[in-house]
1. Calculate the translational D of the chain in whole µm² s⁻¹ from Stokes-Einstein, where the hydrodynamic radius comes from the Kirkwood formula applied to all Cα pairs, the temperature is 25 °C and the viscosity 0.890 mPa s.
2. Using the alpha-carbon centroid of each, what span in Å lies between segment 17-80 and segment 134-167?
3. So which of 4/77; 4/150; 77/145 end up more than 29 Å apart, counting from Cα to Cα?
4. What nm distance separates the two modelled labels at residue 85 and residue 157, each placed 7 Å from Cα along Cα→Cβ?
5. Tell me, in nm to one decimal, what length is gained between residue 190 and residue 37 on full extension, where the rule is 0.36 nm per residue of separation less the Cα-Cα distance?
6. Please find, in a Gaussian network model of the chain (springs between Cα atoms separated by less than 10 Å), the residue of 160, 186, 54 whose mean-square fluctuation is greatest.
7. Give or take rounding to whole Å, what are the principal axis extents of the alpha carbon atoms in segment 92-221, in descending order?
Amino acid sequence: MAYKAAIFDLDGTLIDSLADLADSANAMLTHYGFPTHPVEPYRYFVGNGSRKLVERCLPADKAADATFVDEALAYYKDCYATRILHKTQPYDGIVDALRTLQQQGIPLGICTNKHQSAADAIVGKLFPDIHFVENFGDRPGYPRKPDPQKPLQIAKEMGVQPAEVAYFGDTSVDMDTAHNAGFYAVGVLWGFRPREELLEHGAAILLEHPSEIIERINFVH
């Protein structure tokens with residue numbers, strides 16, 4: 001099958017943001033006097049949006065208090081805004097792959113559960129010469145992945161059918177999103193989650209390095 005468009009998850013797929021996410025959440029926890037977490041558990045805390053990240057890292061009794069979660073989420077977002085690009089970088093080879101697709105005339109998009117302001121800041125700074133049809137983050141009124149509404153809207157803006165889209169991601173949420181939208185599910189192994197998770201959630205192919213985006217996926221304009 002030849003694909004006419006590419007849509008990417010952001011964290012763990014285009015960018016390695018784990019340290020900044022962990023540092024920001026731990027700063028929030030420290031502010032409230034709660035225990036912090038090592039970086040590794042954050043691989044599983046992230047993926048379902050900022051609110052879910054906060055709920056997962058808080059003590060259980062606080063995570064069950066919606067009013068407190070609202071407050072902690074606002075504080076976390078403030079912490080993250082000051083740390084958003086301290087350690088975050090594109091994965092090695094990602095920019096080259098995106099440039100190649102762009103030169104081939106393949107429309108590119110991003111669909112992430114990261115809050116929109118953070119997604120915009122990161123993409124604007126780290127991918128200044130890449131044109132994305134849409135950088136669709138967590139916005140009011142739109143359900144988060146794995147709901148297919150946002151990625152299907154991106155495909156519509158691109159002018160392609162769902163079956164013509166290769167969707168790239170590093171988590172079960174991403175593989176579920178691809179299947180729910182009718183996209184080709186491409187699992188990437190340089191991100192936050194193991195290959196077993198991606199295969200269990202229906203990855204059609206697994207990539208070891210960003211260069212394989214060009215080498216192993218058949219794109220045609």
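We did not get these values from a lab; they are worked out from the coordinates using the rules stated. In this text the structure is predicted, and so the values were computed from the model without any measurement. Here the Cβ is made from the backbone with ideal geometry for all residues, glycine too, and neighbour counts use every protein chain on show.
1. On the way: Rh = 17.5 Å.
After rounding, the answer is 140 µm²/s.
2. Taking the Cα centre of segment 134-167 as reference, the centre of segment 17-80 is 26 Å away.
3. Values: 4/77 36 Å; 4/150 18 Å; 77/145 20 Å.
Result: 4/77 exceed 29 Å.
4. Calculated label separation equals 2.1 nm.
5. On the way: separation 153, 0.36 × 153 = 55.08 nm, distance 2.20 nm.
In short, 52.9 nm is gained.
6. 160
7. Sorted from largest, the Cα extents of segment 92-221 read 32, 31, 28 Å.
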